[in-house]
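Student: Shown below is the structure under consideration.
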Amino acid sequence: MAHPTPKPPFTLRSATPDDIPILCAIGKSAVSKFGSIPELAHLVGASEDAAMLKKVENSLSRGRIFIAESSSEPRAAAGFLGAFQMDSTLYISEISVHPSFGGQGVGGMLLDAVLEWARERAREKGETVARASLTAYAEVPWNGPWYERRGFREVDAATLGPEHVEKMRYDREERDLNRPGYHRYCMLWEERIDAA
């Protein structure tokens, strides 16, 4: 007797504008984790809710958002990742996992999807290197160090281009994201690929 193949715990799909409310809700719940760090507690609040909405809308209009959903019924959005072209890289503007799905591989699944998209885009352009970038906190274990374990490394934003420089300036000066003991930095993932 054949056994049915188990369903994977999560599936991926592309977001649509109808998903904006749930994406913002997931983002807000994921950001709440920063509230446990006194120096970064300001990330949890109304001004950051507006920043999350801006990130979601920007990713939808300029690129793509991947949503991870639980395969069980009723289906529930577990997390999302938004990315778009910025300078010469695929920039990851946000990756958020709802706390109730933390530690289940959702973040890694989303990151794998966007890195595969970076490879596809590079092949389509005839490039030999796929690239993805993001900004993170070096001192927060689930932030910068998590990306380092997945092949990202710290880079000077100026080496990536003017949009990355502006993003770092915006985070530092307008969003006040650098705090004593915590600094934002730009990270890059690169992988050599065979052109199509």
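Just so it is clear, none of the values below were taken in a lab; they were calculated from the coordinates. Small disclaimer: the values here were computed from a predicted structure and weren't measured. Because the Cβ atoms are built from the backbone with ideal geometry, glycine has one as well, and the counts that use them run over all protein chains shown.
Student: Within the set of other residues whose C-beta is less than 12 Å from the C-beta of ARG150, count the net charge using Lys and Arg as +1 and Asp and Glu as -1.
Tutor: Working: positive: ARG149, ARG153; negative: ASP112, GLU148, GLU191.
Taking every other residue near ARG150 into account, the sum is -1.
Student: Quick check: pseudo-label points 7 Å beyond the Cα along Cα→Cβ at VAL140 and THR128, how many nm apart are they?
Tutor: Reported label-point gap for VAL140 and THR128 is 3.7 nm.
Student: Considering only MET86, ALA15, LEU110, whose Cα is most displaced toward the positive end of the charge dipole of the stretch 10-192, charges sitting on Cβ of Lys, Arg (+1) and Asp, Glu (-1)?
Tutor: Among MET86, ALA15, LEU110, the one farthest towards the positive end of the dipole of the stretch 10-192 is LEU110.
Student: If each DSSP helix of 4+ residues adds -39,500 (n - 2.57) and the sum is divided by the residues in the chain, what number results at 222 nm, nearest 500 deg cm²/dmol?
Tutor: Using -39500 (n - 2.57) per qualifying helix, the result is -9500 deg cm²/dmol.
Student: Highest mean first, how do 142-149, 11-18 rank when packing is the count of other Cβ atoms within 10 Å averaged over residues?
Tutor: Numbers: 142-149: 16.8, 11-18: 12.5.
Top of the packing list down: 142-149, 11-18.
Student: What percent of all Cα-Cα pairs in the stretch 139-196 falls into each 10 Å bin, going from 0 up to the bin containing the maximum distance?
Tutor: 20, 44, 29, 6, 1
Student: Moving on. On a full-extension model of 0.36 nm per residue, what is the gain between ASN178 and ASP18, subtracting their alpha-carbon distance, rounded to one decimal in nm?
Tutor: Between ASN178 and ASP18, full extension yields an extra 54.3 nm.
Student: Mind sorting ARG172, ARG119 by how few other Cβ atoms lie within 10 Å of their own Cβ, fewest first?
Tutor: Details: ARG172 13, ARG119 19.
Starting with the residue having the fewest Cβ neighbours, the order is ARG172, ARG119.
Student: Report the relative contact order of the chain, percent, no decimals, based on alpha-carbon pairs under 8 angstrom and at least 6 residues apart.
Tutor: Working: 320 pairs, mean separation 37.2, N = 196.
For the chain, the relative contact order is 19 percent.
Student: Does the stretch 112-161 classify as rounded, prolate or oblate by the C-alpha gyration tensor (a ≥ b ≥ c root eigenvalues; a/c under 1.5 gives rounded; else a/b over b/c gives prolate, otherwise oblate)?
Tutor: Details: a/c = 3.23, a/b = 1.67, b/c = 1.93.
In terms of gyration-tensor shape, oblate.
Student: How big is the chain on each of its three principal axes, counting only the C-alpha atoms and giving the largest first in Å?
Tutor: 62, 42, 31
Student: Please give the net charge around ARG192, taking every other residue with its beta carbon less than 14 angstrom from that of ARG192, where Lys and Arg add +1 and Asp and Glu add -1. If you can, show how the numbers build up before the last one.
Tutor: On the way: positive: ARG119, ARG123, ARG131; negative: GLU127, GLU190, GLU191, ASP194.
Local charge sum for ARG192: -1.
Student: To make sure I understand, if each residue's beta carbon is the centre and we count other beta carbons within 10 Å, what order do PHE84, PHE101, PHE34 fall in, fewest to most? All intermediate terms of the calculation are to be shown ahead of the outcome.
Tutor: Numbers: PHE84 16, PHE101 22, PHE34 19.
The most exposed by this proxy come first: PHE84, PHE34, PHE101.
Student: Could you pull out every whole DSSP H run in the chain that spans at least 15 Å of Cα extent along its own axis and averages -1.0 or higher on the Kyte-Doolittle scale? Let's see the in-between values first.
Tutor: Working: long enough: 20-31 (16 Å, 1.74); 46-62 (24 Å, -0.56); 106-124 (27 Å, -0.11).
Qualifying helices, which must be both long enough and hydrophobic enough, are 20-31, 46-62, 106-124.
Student: Sticking with this one: Report, for the chain, the % of DSSP beta bridges that are antiparallel, rounded to 5.
Tutor: Counting DSSP beta bridges with both partners in the chain, the antiparallel share is about 95 percent.
Student: Report, in debye and to the nearest 20, how large the dipole of the chain comes out about its Cα centre when Lys and Arg carry +1 and Asp and Glu carry -1 on their Cβ. Please report the intermediate quantities before stating the final value.
Tutor: Working: 24 positive and 28 negative charges, 55 e Å.
My answer is approximately 260 debye.
Student: Using a Förster radius of 22 Å, what is the FRET efficiency between SER32 and ASN58 based on their Cβ-Cβ separation? Nearest 0.05, please. Please report the intermediate quantities before stating the final value.
Tutor: On the way: r = 22 Å, r/R0 = 0.99.
Once rounded, the FRET efficiency stands at 0.50.
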